[in-house]
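Okay, structure first, notes after.
The values are calculated or read from the model by the stated rules, or taken from the named source; none is laboratory data. Here the structure is a predicted model, which means the values were calculated and not measured. So basically every Cβ, Gly included, is an ideal-geometry build from the backbone, and we count neighbours across all protein chains shown. Heads up: the accessible areas ignore ligands, DNA and RNA and are worked out on the full protein's heavy atoms, side chains in. Shrake-Rupley method; radii C 1.70, N 1.55, O 1.52, S 1.80 Å.
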Amino acid sequence: MQSIVEKLKKEIENFTPETRDEKIGMVVSVSDGIAEIEGLPDVLMSEMLLFDTGEGKTLEELTRETDAVIGMAQNLEEERVRAVILGDYGKVREGTVVKSTGTILSIPVSSEMVGRVVDPLGNPLDGGGSIKAKQRNPIERKAYGVIDRQSVNVPLHTGIKAIDAMIPIGRGQRELIIGDRGTGKTAIAIDAILNQLNEKPEDRPICIYVVIGQKDSKVAKLVHQLKQKGAFDYSIVVSASSSASAALQFLAPFAGAAVGEFFMDQGKDALVIYDDLSKHAVAYRQMSLLLRRPPGREAYPGDIFYLHSRLLERSAKLSPERGGGSLTAFPIIETQEGDVSAYIPTNVISITDGQIYLEGELFNKGIRPAVNVGLSVSRVGSAAQTKAMKKVAGKLRLELAQFRELEAFVQFSGDLDLNTKKQIERGKRMVEILKQDKGMPEPFPRQVSLIFGAINGLFDAVPAERVREAGLKFLTHIENHHKDILEKIEEYRDMPEDVAKALEAAIASFKTAHGDLFSQYESPR
Amino acid sequence: MFYARHYAEAIFDLGKDAHTEEKRNRLVKNVLEAVASRGHRRLLPGIVREIEKIEHRERQMKTVFITAAREISLSEGERIAREHGIEAKGKVVTHSVDGSLIGGYVIRTQSRRVDGSYKSALLDLYNRMTTGQ
């Protein structure tokens with residue numbers, strides 16, 4: 001108490017009224033969150049502007065006001081500046097004085113943000129008190145150059161078997177998650193966050209989930225889920241839900257990137273999920289049209305590609321000289337009727353390092369996650385895939401692709417040769433093995449063991465409808481009787497001869513212990 | 001509104017050269033004919049409003065506003081403005097009294113504001129104390 005009084009005394013004693021010389025402009029019109037301003041000499045593009053809504057108010061009234069109305073300069077025209085208002089634009093009126101700050105719009109960043117829900121300006125939304133931050137990161141920042149980067153070489157496990165085995169993702173990669181609504185795009189992103197619990201705390205990336213134009217109820221559910229599973233201790237939610245203005249929705253992914261860069265610059269790993277960039281494009285289109293920028297294809301502004309490329313280019317795996325941190329990005333795109341050739345999907349597909357394509361048809365068939373293996377790809381992740389997974393999953397993708405082809409062929413011909421029948425039966429079992437419930441990410445050693453069993457014919461003699469059950473029993477068997485195998489896979493991250501032999505022995509002992517699973521079905525001869 | 005503003009800007013520019021009564025009358029006649037020939041007669045009230053806005057803005061550009069917490073003379077106001085590098089010569093100087101400033105003054109032009117009021121200084125102090133920055 002004494003120290004507070006001393007501090008106050010010191011502040012008051014040292015108080016000397018200073019004259020502030022400010023560059024200002026004046027609002028000439030406001031509509032739909034866009035202000036037209038005259039004046040503002042030397043204003044910068046994306047500069048933060050302060051709307052002085054306190055003119056004529058008493059000191060007492062001003063101290064009661066908590067939220068400053070800020071804006072961002074967007075169109076620098078010959079005589080006027082058009083700016084988006086990031087706050088309560090009801091307070092801004094014709095004649096309001098606008099102060100220039102001379103700095104690009106930035107947000108406070110600090111490690112105190114972990115475990116919090118914030119808006120795109122860094123203000124807390126969870127009622128958990130203010131967030132202290134010594135640093136501010138600009139919303140727009142030039143991405144790191146070639147010299148500062150290294151190739152992706154560390155895996156980022158999502159805990160989803162189909163992805164970790166066939167579409168491996170590396171730290172620093174940009175992997176698009178694309179699909180129709182209700183196909184499990186967000187579920188994949190959440191599982192990836194939850195799976196980080198299976199990583200050692202020092203290897204765990206900070207997960208930033210950026211909400212763009214989603215329902216508030218969905219955000220609340222997500223936060224609850226993360227908290228319940230203990231994943232919120234390393235997560236941050238940047239939320240611009242559908243009730244937020246288009247300007248805030250436009251800023252949200254850039255704010256997420258700015259927060260992610262804060263951790264990356266410290267040599268840490270961060271994962272940022274942009275959910276979703278289709279809504280982000282729509283918000284930017286709305287803002288651009290209100291700013292009277294010329295519309296292009298589908299009324300999107302001409303720089304919509306550059307908007308997403310400059311955002312996603314900020315993801316990187318930094319060189320050891322730069323601290324070796326990384327920023328991995330999972331942008332999400334929602335397609336209409338599975339049309340991946342639409343404007344925004346093709347743009348983002350071409351920017352990213354691969355895509356996970358989720359298909360509504362597979363989802364409805366009960367194949368979940370509904371990953372279409374044929375259309376999904378990871379362009380750089382294989383370099384980061386662990387050797388253990390590479391060894392066991394090498395043939396998986398090919399086998400599944402062949403199965404899909406044969407499955408279509410079977411519809412026309414019933415009479416098949418033995419090899420084809422075997423391939424189809426094996427394919428059916430592989431599909432079953434890769435099925436996974438949401439919210440249940442599988443640690444990497446368990447995935448390796450299961451896929452090893454599958455490619456070595458463990459499930460060939462199990463009826464297809466019991467393969468999932470058999471898979472779970474097999475993993476329980478390994479956990480209970482051969483835990484050392486999982487520990488070795490985790491430690492070596494490889495599949496040396498002795499581990500492979502131990503797994504074969506575990507398969508044999510499992511078959512003996514669970515004879516009932518294998519006796520009811522006769523595999524094709 | 002969009003067209004009205006463009007009309008207003010064009011008329012305002014032409015009006016700058018219309019120094020005589022005769023020229024002004026001709027301008028008005030020509031404007032009415034041009035607007036009617038384009039079928040934009042309904043825009044006339046909007047055009048007038050936009051011209052008034054432009055006039056207001058132009059006046060603002062040529063005005064130095066001095067607001068003080070207590071009554072000051074015009075010459076004193078001009079001296080304060082000069083001290084801060086704001087030349088009031090050739091401009092309209094308007095000054096007013098605003099008790100909410102508590103003390104000091106605020107000088108404002110189209111693109112610059114010198115705030116020497118106690119109100120903003122005290123507000124700064126308050127913010128520094130409450131936010132701890």
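Of note:
- Segment A:95-163 shape via C-alpha gyration tensor axes, a/c threshold 1.5: oblate
- Sorting the segments A:137-144, A:248-255, B:95-102 by their residues' average number of neighbouring beta-carbon atoms within 10 angstrom, most packed first, yields A:248-255, A:137-144, B:95-102.
- Using a Gaussian network model of chain B in which every pair of alpha carbons under 10 angstrom is joined by a spring, one finds that among B:I66, B:I80, B:I107 the greatest mean-square fluctuation is at B:I80.
- In degrees, nearest ten, helix A:444-455 long axis to first principal axis of chain A (Cα): 40 degrees
- Full extension of the chain between A:A220 and A:E55 gives 55.6 nm of extra length, using 0.36 nm per residue less the Cα-Cα distance.
- Highest mean packing comes first when the peptides A:393-402, A:291-300, A:377-386 are listed by Cβ atoms within 10 Å, giving A:377-386, A:393-402, A:291-300.
- Rounded if a/c under 1.5, otherwise prolate or oblate - segment A:123-190, Cα gyration tensor axes: oblate
- Compared with the dominant Cα axis of chain A, that is its longest principal axis, helix A:483-492 is turned about 60°.
- Annotation: the protein assembly as shown has a Kirkwood hydrodynamic radius of 29.2 angstrom, from the mean reciprocal C-alpha pair distance.
- Distance between segment A:115-191 and segment A:276-295 - C-alpha centres, whole angstrom: 23 Å
- Note on A:A68 and B:R70: with the Förster distance fixed at 25 Å, the Cβ-Cβ geometry gives a FRET efficiency of about 0.30.
- Among A:335-346, A:153-164, sorting by the average number of other beta carbon atoms lying within 10 angstrom of each residue, highest first, gives A:153-164, A:335-346.
- Gyration tensor (alpha-carbon) shape descriptor, segment A:430-469, a/c threshold 1.5: oblate
- Result for chain B in a Gaussian network model with C-alpha springs under 10 Å: among B:R57, B:R38, B:R79, the largest mean-square fluctuation is at B:R38.
- Each helix, a run of at least 4 DSSP H residues, gives -39500 (n - 2.57); summed and divided by the residues of the protein assembly as shown, these come to -13000 deg cm²/dmol at 222 nm.
- Segment A:250-333, relative contact order in percent, only Cα pairs under 8 angstrom and at least six apart counted: 44 percent
- 0 to 90° range, to nearest 10: angle between helix A:2-13 axis and chain A longest Cα axis: 40 degrees
- Here's the list of aspartates and glutamates a cross-link from A:K57 could span, going by alpha-carbon distance under 14 Å and ignoring same-chain residues fewer than 8 apart: A:E65, B:D98.
- Ordered from largest to smallest accessible area (heavy atoms of protein chains, 1.4 Å probe), the residues A:M440, A:M48, B:M129 come out as A:M440, B:M129, A:M48.
- Counting only other chain Cβ atoms within 10 Å of each residue's Cβ, the peptide B:118-130 averages 4.
- Take every pair of alpha-carbon atoms less than 8 Å apart whose residues are at least six positions apart; their mean separation over the length of segment A:405-525 yields a relative contact order of 31 percent.
- Out-of-range pairs (alpha-carbon distance over 18 Å; input A:K91/B:K62; A:K365/A:K395; A:K387/A:K501; A:K218/A:K365): A:K91/B:K62; A:K365/A:K395; A:K218/A:K365
- Per-residue mean of C-beta atoms belonging to partner chains within 10 Å, peptide B:101-110: 3
- Here the label points at A:K438 and A:D32, each 7 Å from Cα along the C-beta direction, are separated by 3.3 nm in the simple model.
- Relative contact order (%) - segment A:349-448, alpha-carbon pairs under 8 angstrom, separation at least six: 28 percent
- Computed lengthening from A:N364 to A:S3, 0.36 nm per intervening residue step minus Cα-Cα distance: 123.4 nm
- Lysines whose Cα lies under 23 Å from that of A:K268, excluding same-chain neighbours fewer than 8 positions away: A:K132, A:K134, A:K142, A:K200, A:K227, A:K229, A:K317
- Segment B:27-92: GluC sites (Glu not before Pro) in DSSP loop, at most 14 other beta carbons within 10 Å: B:E71, B:E87
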